[in-house]
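Peer 1: Just passing along the structure, written as structure tokens.
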Amino acid sequence: MQRMTRQRSAVAELLAELVDFRSAQQIHELLRERGDEVGLATVYRTLQSLADRGEVDVLRADDGEARYRRCSRQEHHHHLVCRSCGTAVELDGPGVEEWAARVGAAHGFRDVAHTMELVGTCAECAREEQD
């Protein structure tokens with residue numbers, strides 16, 4: 001486990017304030033704008049450590065870049081994410097859980113894990129697109 005340095009604390013504090021998924025580079029830029037001197041490599045290492053411990057969720061954008069968000073829930077859940085602004089809503093998915101278990105069992109698999117993210121355009125971004 002990494003010790004909590006001032007730089008790692010700054011990353012963790014910023015994540016607690018964000019409501020959308022952000023890339024490591026976006027997080028690094030926000031830290032710089034706030035006056036926190038944190039190296040990009042430290043941001044990447046901190047985010048990976050938080051993800052490994054299950055303290056942040058990670059999504060892959062269409063371009064393959066990882067995006068991070070501290071979720072309010074630690075248990076397994078899914079997200080509905082705006083493709084324009086990145087705003088995310090945490091979702092329960094009992095139907096998805098049942099479907100994944102059923103598909104796995106039909107093919108002889110046990111202990112099936114999955115990830116599912118829904119992507120769309122939030123109401124605010126849709127209004128802006130119309131204007």
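The values are calculated or read from the model by the stated rules, or taken from the named source; none is laboratory data. Just so you know, these numbers come straight off a predicted model, no measurement behind them. All Cβ positions, glycine included, derive from the backbone under ideal geometry; neighbour counts span all protein chains shown.
Peer 1: Going through the range 45-72 one residue at a time, which ones are more than 24 Å from A10 (Cβ to Cβ) and assigned to a loop (DSSP other than H, G, I, E, B)?
Peer 2: D62, D63, G64, listed by residue number.
Residue by residue, here is whether (1) touching a His at 6+ places or on another chain (Cβ under 9 Å); (2) free of Cβ contacts under 8 Å to residues at least 12 places away in the same chain holds:
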| position | (1), (2) |
| --- | --- |
| R70 | no, no |
| A88 | yes, no |
| G95 | no, yes |
| E98 | no, yes |
| F109 | no, yes |
| V112 | no, no |
| E117 | yes, no |
| C122 | no, no |
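Peer 1: Another question, if that's okay. Of the residues A41, A100, only one is small (G, A, S) and either over 30 Å from T5 (Cα atoms) or surrounded by 14 or more Cβ atoms within 10 Å (Cβ to Cβ) (or both); which?
Peer 2: Of the residues listed, the single one that is small (G, A, S) and either over 30 Å from T5 (Cα atoms) or surrounded by 14 or more Cβ atoms within 10 Å (Cβ to Cβ) (or both) is A100.
Peer 1: Which members of the range 91-110 meet the condition of being modelled with pLDDT of 80 or more and under 21 Å from A51 (Cα atoms)?
Peer 2: L91
Peer 1: Tell me, please, whether a residue that is among the charged types (D, E, K, R), part of a helix (DSSP H, G or I), closer than 29 Å to C122 by Cα and modelled with pLDDT under 95 can be found in the range 5-15. Outline the logic, then answer.
Peer 2: Going residue by residue through the range 5-15, those that are among the charged types (D, E, K, R) are 6, 8, 13.
Now restrict to residues that are part of a helix (DSSP H, G or I): 6, 8, 13.
When the remaining residues are screened for being closer than 29 Å to C122 by Cα, the result is 13.
If we keep only those that are modelled with pLDDT under 95 too, we end up with 13.
Checked against the condition, which is being among the charged types (D, E, K, R), part of a helix (DSSP H, G or I), closer than 29 Å to C122 by Cα and modelled with pLDDT under 95, the range 5-15 yields at least one hit.
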